[in-house]
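Beneath this line is the structure, given in structure tokens, with notes to follow.
The values are calculated or read from the model by the stated rules, or taken from the named source; none is laboratory data. The model shown is predicted, which means the values in this text are computed figures rather than measured ones. With ideal geometry, Cβ positions are generated from the backbone for all residues, glycine too; neighbour counts draw on all protein chains shown. What goes into the accessible areas is simple: the full protein's heavy atoms, side chains included, and nothing from ligands, DNA or RNA. Shrake-Rupley method; radii C 1.70, N 1.55, O 1.52, S 1.80 Å.
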Amino acid sequence: MERKSIILKILENDKGGKIVLSSLAVVVFVVAFCNLFIPESSIFHISTFTVTILGKYLAFALLALALDLVWGYLGILSLGHGAFFALGGYAFAMYLMLQIGDRGVYGNAELPDFMVFMNLKELPWFWYGFDNPVFAFFMVMFVPAILAFVFGWFAFRSRVTGVYLSIITQALTYALMLAFFRNDMGFGGNNGLTDFKDILGFDLSANTTRVALLVITFFALVLGYLICRFIINSRLGRVVISIRDAESRVRFLGYKVEQYKLFIFVVSAILAGIAGALYVPQVAIINPNVFSPLFSIELVIWVAIGGRGTLYGAIIGAFVVSFASTYFTSALPEVWLYALGGLFVLVTLYLPKGIVGLMETMNLKMKKA
């Protein structure tokens, strides 16, 4: 009862968040039930492919939530959040690669296939410990956090803001992409890490494992949402929003603006890293393309279309754009990028508050009528 009261307190006056999370809970339950308990011959059966797609969308929603925390509430437009997502994904993928053992193409129990192909004789030192799931999940959070801390420490203390900070974050993820494309980096080069077999002893191809990953991703999204709401509703959150609206005034009042920025930036990076770790076992591959600046820009479009500075709007935007991407990249692949760019321009010019803002406007008009 105490935990329930805390959750209700965090979600107080957040009607949109309650609706979105409740709707997702229903969808996840229905999809899981229809996949596991409805026979494949039935029209009501939902395929494992659909389970995987929904799980991927939930991981993207958590990533969008992380970006909205720094952009919507702190005012920092990060064009490099794909880097934190990718680092978390690679950290967990390293654990999954080491679980393959002698079931790889070359049958080497100690080295992943790509290392055998490259004639490596022993495991690189930075792979040590990743055979332990606890250590791997710790690194999922620690690696993005330390990168965000180091980057933020220098950027915020130097008072780099606005478009200059956005360009630097984009340059960061581009530099990481080029580095991970190198075969001698020890991360699989342009092919990345793939061919995973199991996770914590469970077969990754099994329907039950796929559904379990879907449910875990949903609860991670809910937990991430509650953490973000708790921060925003706290005194810390009020200061953060004040920094977004009038940074110089907040600094004049004696607040150490850099520390607030750094804390939110690191928390956001950790959430992005966890999203990446949940994405990898469901999609079954990660490669340097996830570091692509284009992917990070697409994240911004998710948040902008859904509704910046609302949290639940970021979740809506991630689902809407990801679903559209899945459909159009198969039906009209040559049109999708143009449509995405046009949609972003349209939202920026005519719907600055995104889908959430449009829904609120329509609701007000209906009440007045």
*State the percentage of accessible surface on the stretch 218-309 attributable to carbon and sulfur atoms; use a 1.4 Å probe and exclude ligands, DNA and RNA.*
63 percent
_Debye log10 I(q)/I(0) for the stretch 169-218, one point scatterer per Cα, at q = 0.28, 0.29 Å⁻¹_ = -0.92, -0.97
_√(5λ) per eigenvalue of the Cα gyration tensor, the stretch 280-369, largest first, Å_ = 28, 15, 12
*At a 1.4 Å probe radius, which order do 34, 228 fall into by accessible area, largest first?*
34, 228
*Under 11 Å from the Cβ of residue 96, count the other residues' Cβ atoms, weight Lys and Arg +1, Asp and Glu -1, and hand me the total.*
-2
_Viscosity 1.002 mPa s, temperature 20 °C: what is the translational diffusion coefficient of the stretch 77-178 from Stokes-Einstein with a Kirkwood Rh over Cα pairs, rounded to a whole number of µm²/s?_
139 µm²/s
*Gaussian network model of the chain, Cα springs within a sub-10 Å range: biggest mean-square fluctuation belongs to which of 292, 23, 205?*
23
*asked:* Quick check for you: with a 1.4 Å probe and neighbouring chains kept, what is the accessible area per residue of the stretch 285-369, in Å²?
replied: 55 Å²
*For the stretch 298-369, which trypsin sites (Lys or Arg not before Pro) are in a loop by DSSP, counting at most 14 other Cβ atoms within 10 Å?*
none
*With every protein chain left in place, what is the accessible area per residue of the stretch 1-121 in square angstrom, probe 1.4 Å?*
49 Å²
*Tell me what the chain gives for mean residue ellipticity at 222 nm when only DSSP H runs of n ≥ 4 count, each as -39,500 (n - 2.57), the sum divided by the residue total, rounded to 500 deg cm²/dmol.*
-24000 deg cm²/dmol
*In the stretch 64-123, how does Rg compare with the Kirkwood Rh, expressed as the Rg/Rh ratio over alpha carbon atoms?*
1.27
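I'm checking a number: the convex hull volume of the Cα atoms of the stretch 121-222, normalised per residue, in Å³. What is it? Intermediate values should be presented prior to the final figure.
Details: hull volume 17.0 nm³, N = 102.
Normalising the Cα hull of the stretch 121-222 by residue number yields 166 Å³.
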*What does the accessible area of residue 15 come to, in Å² to the nearest 10, when a probe of 1.4 Å is used?*
150 Å²
*What are the DSSP H helices in the chain that stretch 24 Å or more along their long axis, judged by alpha-carbon atoms, and whose average Kyte-Doolittle hydropathy comes to at least -1.0?*
15-36, 48-71, 81-98, 133-157, 162-181, 207-233, 257-283, 312-331, 333-350
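With N set to the number of residues, divide the alpha-carbon radius of gyration of the chain by 2.2 N^0.38 Å and report two decimals.
Compared with the compact-globule rule of thumb, the chain sits at 1.02.
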*Scan the chain and hand back the longest stretch that contains none of the chymotrypsin sites (Phe, Trp or Tyr not before Pro) lying in DSSP loops with at most 13 other Cβ atoms within 10 Å.*
129-369
*Rg and Dmax of the stretch 1-120, Cα atoms only, in Å*: 20.6, 59
*For an R0 of 41 angstrom, estimate the FRET efficiency from the Cβ-Cβ distance between residue 207 and residue 245 and round to the nearest 0.05.*
0.25
*Kindly state, to the nearest 0.05, the FRET efficiency for residue 253 paired with residue 160, given R0 = 35 Å and r defined as their beta-carbon distance.*
0.95
